Amino acid sequence: MRKENNGDLEEYIKNNSRYNCLSERAAKFVVEDGLLALNDLYDIGLFHRDIKLKNFVISGIENYPNGPTIDENGCADVKLYVKLIDFDFVDYINKDDHRRIGAIFYMSPQIVNSDKYKNPDVFSLGMLWFKALTGE
Ligand SMILES: Nc1ncnc2c1ncn2[C@@H]1O[C@H](COP(=O)(O)OP(=O)(O)O)[C@@H](O)[C@H]1O
Ligand SMILES: [Mg+2]
């Protein structure tokens with residue numbers, strides 16, 4: 001994979017917003033890229049299990065026309081192109097795997113409870129979306 005040099009999404013948001021957040025349109029743009037990455041993984045029968053801000057690196061940054069790069073809520077308002085990295089916890093979707101791994105904030109209830117899980121990455125991407133919007 002190509003080495004990107006704009007850092008990861010967590011660092012980017014921290015360094016480029018007042019309140020550690022992305023604007024609604026910026027967050028939506030990132031989540032769209034995230035869904036494409038998940039879709040590619042599922043197509044080959046894998047889940048990632050460590051979806052979080054730190055595991056996306058910035059591969060491109062584009063300003064919205066005429067806009068400031070921080071919006072009225074103190075959130076970064078730019079188009080960020082991101083790439084999923086860190087495949088340490090990747091595994092096959094259909095394997096009977098109950099392991100409780102991943103970052104706790106992003107963990108789906110099934111993983112927290114060590115239940116059998118099918119699709120933990122979508123929940124985690126939802127948490128990433130929440131974190132990106134709220135800075136929490
Ligand atoms: N392709 C890449 N381009 C730029 N930075 C990268 C890339 N891959 C990894 N990094 C940086 O290295 C850090 C650690 O890499 P990662 O694969 O997530 O390993 P770890 O298992 O230690 O979390 C990432 O958070 C990111 O900042
Ligand atoms: Mg990582």
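Laid out as a table, the results:
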{"item": "Matching residues in segment 27-49 - criterion: being more than 18 Å from M1 (Cα to Cα), within 14 Å of the chain's Cα centre (by Cα) and part of a loop (DSSP other than H, G, I, E, B)", "result": "R49"}
{"item": "Number of the exception - L36 against (1) in contact (Cβ under 8 Å) with a residue 12 or more places away in the chain; (2) over 16 Å from L133 (Cβ atoms)", "result": "(1)"}
{"item": "Of all residues in segment 87-109 being touching a residue at least 12 places away in the same chain (Cβ under 8 Å) and outside any loop (DSSP other than H, G, I, E, B), the one that is nearest to G60 (Cα to Cα)", "result": "Y106"}
{"item": "Only one of N94, N16, N39 that is away from ligand 2 (no atom under 16 Å from the Cβ) and farther than 22 Å from V122 by Cβ", "result": "N16"}
{"item": "Residue pairs meeting the criteria (Cβ under 7 Å; at least 6 apart or on separate chains; first under 12 Å from A37 (Cα atoms), in segment 68-86; second of a type in the set (D, E, K, R) and more than 13 Å from ligand 1 (Cβ to nearest atom))", "result": "Y81/D33; V82/D33"}
{"item": "Qualifying residue in segment 48-67 (condition: more than 16 Å from ligand 2 (Cβ to nearest atom) and buried (at least 17 other Cβ atoms within 10 Å of the Cβ))", "result": "no"}
{"item": "Checklist (1) at pLDDT 95 or above; (2) over 17 Å from the mean Cα position of the chain (by Cα) applied to Y64, failing item", "result": "(1)"}
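The values are calculated or read from the model by the stated rules, or taken from the named source; none is laboratory data. As the structure is a computational prediction, the values presented were derived from the model and not from experiment. Here Cβ is always computed from backbone atoms with ideal geometry, including for glycine, and neighbour counts include all displayed protein chains.
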